[in-house]
Amino acid sequence: MTHPFFSLHSHGFVRVAVGGPRTRVADPAFNVARTIEMAREADARGASIVLFPELGISSYAIDDLLHQDALLAAVEAALGELLEASRALHPILAVGAPLRWRSRLYNCAVLARRGEILAVTPKVYLPNYREFYEKRHFASGASIAGEEIDIAGRLAPFGSDVLLEARDFAGLVIHAEICEDVWVPIPPSTRAALAGATVLLNLSASDAIVGKSDYRASLCAGHSARCLSAYLYSAAGQGESTTDLSWDGEAMIYENGARLASAERFAETPQLIFADLDIGRLEAERMRQGSFGDCADVEAATRFRRVLFDLEAPRDKNLGLLREVARFPFVPDDEARLAELCFEAFNIQSHGLRQRLQAAKIDRIVIGVSGGLDSTHALLVAVAAFDALGLPRTNILAYTLPAFATTDRTKANAWRLMRALGVSAEEIDVGPACRQMLDDIGHPAARGEALYDVTYENVQAGARTSLLFRLANRHDAIVLGTGDLSEIALGWCTYGVGDQMSHYNVNASVPKTLIQHLIRWCARDAHFGAATAPVLRDILDTEISPELVPGETTQRTEDVVGPYALQDFNLFYTTRYGFTPSKTAFLAFHAWSDAAAGHWPSDIPQDKRRAYDLDAIKHWLGVFARRFFATSQFKRSALPNGPKVSSGGSLSPRGDWRAPSDASANAWLADLEEIP
């Protein structure tokens with residue numbers, strides 16, 4: 001038996017499958033046998049929902065054979081066989097079949113589980129144009145609600161008003177529609193989603209013509225995004241009649257606009273694809289996006305019947321996770337998308353600074369340049385903004401401000417960068433001012449004692465910031481902030497100094513992992529001249545350190561606050577979706593625990609490609625929870641202005657994150673203890 005932590009079901013995930021079995025034209029006995037085989041395979045691999053194509057039991061393109069009593073009787077017998085086989089299976093099976101009801105024929109989705117029919121949904125929109133003639137054979141189910149249908153001696157809810165809701169799996173509400181239903185301006189599943197459905201099924205036939213696949217994909221992606229839902233789509237494939245049409249067997253699984261899985265088109269073998277849907281994430285998105293709820297018609301929602309069932313998803317089995325979990329949620333894996341993101345992010349920052357300078361009627365900035373990542377990137381953004389405004393780069397007043405522990409490497413890189421960019425560059429040693437302040441407050445370090453406490457560190461940070469603000473006063477300039485989103489989240493910044501306070505901070509919503517890629521992007525494409533590239537690469541290779549404590553061993557920031565790659569992961573899932581620490585750790589375990597796994601953008605050096613076991617993940621997540629929720633909100637509540645850059649959000653008190661400064665972290669720390 002496995003610890004519940006390792007079960008995907010414990011964290012709001014449900015495994016689904018979409019299948020395209022081999023069929024024979026108008027042969028229900030053969031078709032149901034192949035459907036049952038595929039259902040058993042899906043069950044063996046842990047699926048809770050399995051979707052099959054439209055009219056898969058009878059075949060779709062059989063024209064007037066649909067009105068033959070022998071065929072319809074064979075379909076009903078096949079459904080009886082399917083129901084018997086399903087008694088030994090876990091998943092809900094959604095199959096397509098033509099069914100008679102009150103002397104009319106309907107194109108139906110039959111949802112069955114454990115020997116019972118949970119619901120039968122008739123197709124609403126019947127295409128009757130070009131190659132389609134469905135109104136010749138079927139009646140629309142648009143007006144059918146609150147009814148029942150008898151199939152193989154079993155009564156089941158029948159109508160276009162049925163939602164299946166799991167009693168034992170929060171947020172899992174299923175709705176089925178059929179092919180053309182999603183091609184219309186307002187699909188039935190739209191209203192179902194507004195009534196609470198999170199998993200939308202489309203049993204489709206959909207013949208293959210040139211260009212149609214792209215349109216199907218865009219339709220499913222857009223619909224799942226607008227409905228904040230999962231959308232499963234299955235098209236007819238092998239064995240359908242090719243008298244006048246051809247079929248590609250396309251199958252797709254989408255979640256909130258993102259494709260999770262897709263089948264090979266025109267495959268020689270039957271296709272069965274899987275994905276793990278994050279129902280908790282869909283629920284979180286709907287809770288945050290109030291405008292989605294505003295669209296819900298309360299009266300219309302009450303017209304849906306909710307059929308309750310027990311999913312009985314096991315929580316003592318480790319089924320793995322059939323879902324891509326990016327190690328760097330702020331950074332795309334794909335090279336083209338990464339380059340596009342870097343272009344957008346950099347320009348958002350640059351345009352934000354341009355607008356601030358124009359609005360303030362200021363043509364100078366003051367910036368402290370340490371030779372580290374954040375000040376380097378802020379300086380590059382500033383140069384781009386000044387170039388765009390037609391202002392001389394010499395109006396950027398850049399200062400390197402060495403103190404007690406500044407290394408030769410970082411100071412040299414600061415100078416190399418300032419010179420390569422052609423900004424006004426000066427050096428002011430803040431050591432004497434720091435010694436004076438330490439002496440004024442009676443700190444032992446002023447007498448030569450090696451007491452390197454927080455006071456000692458913050459005296460240096462404070463001296464630098466005070467100097468920059470006074471320089472801004474003297475030169476009629478603004479101080480450009482450099483602190484990044486990761487530092488702000490962890491409270492790894494001194495209140496009232498440069499990494500927390502400025503006149504404008506272009507890095508405020510850019511996480512450390514993204515800043516590293518932005519600098520690589522600038523270096524690789526030589527945006528600022530060939531002379532800048534070598535120094536940018538050296539800055540990227542320099543250990544991240546505050547450089548505040550002297551000694552032979554350089555301070556390592558990540559030894560204190562944790563690996564930024566891991567903490568950015570925690571930040572994303574905590575603030576973007578509100579996930580519990582245990583769910584965040586579950587995702588981190590699948591993203592980070594295997595050193596051989598992918599998810600590494602190609603420009604990450606091999607020596608920085610690390611893996612973390614569950615002990616490390618739990619430890620650093622605990623550090624994150626304490627620092628984020630309990631100790632650092634007061635710093636975020638006083639942040640200066642800065643543009644929102646990332647889809648992961650901003651921690652500005654005027655933007656994505658608003659929280660009390662005196663909150664307790666106990667709820668998050670208690671959940672953390674659920675991690676083994």
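Residue 468 - would you say it is more than 24 Å from residue 645 (Cα to Cα), in contact (Cβ under 8 Å) with a residue 12 or more places away in the chain and either touching a Lys or Arg at 6+ places or on another chain (Cβ under 8 Å) or assigned by TED's automatic domain parsing to the domain that holds residue 661 (or both)? When the stated conditions are applied, residue 468 passes them. Looking at residue 344, is it closer than 30 Å to residue 644 by Cβ and surrounded by 15 or more Cβ atoms within 10 Å (Cβ to Cβ)? No; evaluated as a whole, the condition is false for this residue. Is it the case that some residue within segment 224-243 is touching a Gly at 6+ places or on another chain (Cβ under 8 Å) and either more than 30 Å from residue 65 (Cβ to Cβ) or surrounded by fewer than 16 Cβ atoms within 10 Å (Cβ to Cβ) (or both)? So far as segment 224-243 goes, yes, one or more of its residues are touching a Gly at 6+ places or on another chain (Cβ under 8 Å) and either more than 30 Å from residue 65 (Cβ to Cβ) or surrounded by fewer than 16 Cβ atoms within 10 Å (Cβ to Cβ) (or both). One residue alone among 565, 531, 477, 489 is in contact with a Ser or Thr (Cβ under 7 Å, 6 or more places away or on another chain), in the same structural domain as residue 449 (by TED's automatic domain parsing) and either closer than 19 Å to residue 654 by Cβ or in contact (Cβ under 8 Å) with a residue 40 or more places away in the chain (or both), and that residue is 565. Yes or no: segment 283-296 includes at least one residue that is closer than 26 Å to residue 39 by Cβ and in contact with a Leu (Cβ under 9 Å, 6 or more places away or on another chain). No, segment 283-296 contains no residue that is closer than 26 Å to residue 39 by Cβ and in contact with a Leu (Cβ under 9 Å, 6 or more places away or on another chain).
Output the strands (runs of 3 or more DSSP E) that fall wholly within segment 1-118 and possess 3 or more residues being outside the structural domain of residue 248 (by TED's automatic domain parsing), buried (at least 24 other Cβ atoms within 10 Å of the Cβ) and modelled with pLDDT of 95 or more, or say none. Reasoning before the result, please.
Working: elements: 13-20, 49-51, 92-101, 104-113.
So the answer is none; nothing clears 3.
Looking across segment 151-182, the residues that are of a type in the set (Asp, Glu) and in a strand (DSSP E or B) come down to 165, 177. Looking at (1) surrounded by 14 or more Cβ atoms within 10 Å (Cβ to Cβ); (2) of a type outside the set (Phe, Trp, Tyr); (3) in a helix (DSSP H, G or I), which is the one condition that is false for residue 331? Every listed condition holds for residue 331 apart from (3). Listed residues 602, 632, 650; which is over 30 Å from residue 522 (Cα atoms) and either at pLDDT below 95 or polar (S, T, N, Q) (or both)? Only one candidate passes the filter, namely 632. Residues in segment 263-294 that are within 16 Å of residue 587 (Cβ to Cβ), outside any strand (DSSP E or B) and of a type in the set (A, V, I, L, M, F, W, C): 3 in all.
Applying the criterion of being buried (at least 24 other Cβ atoms within 10 Å of the Cβ), small (Gly, Ala, Ser) and not in a loop (DSSP other than H, G, I, E, B) to the residues of segment 368-384, the residue that is farthest from the chain's Cα centre (by Cα) is 368.
The values are calculated or read from the model by the stated rules, or taken from the named source; none is laboratory data. The structure presented is a predicted model; accordingly, all values stated were derived computationally and were not measured. Note that we place each Cβ from the backbone using ideal geometry, even for glycine, and neighbour counts take in every protein chain shown.
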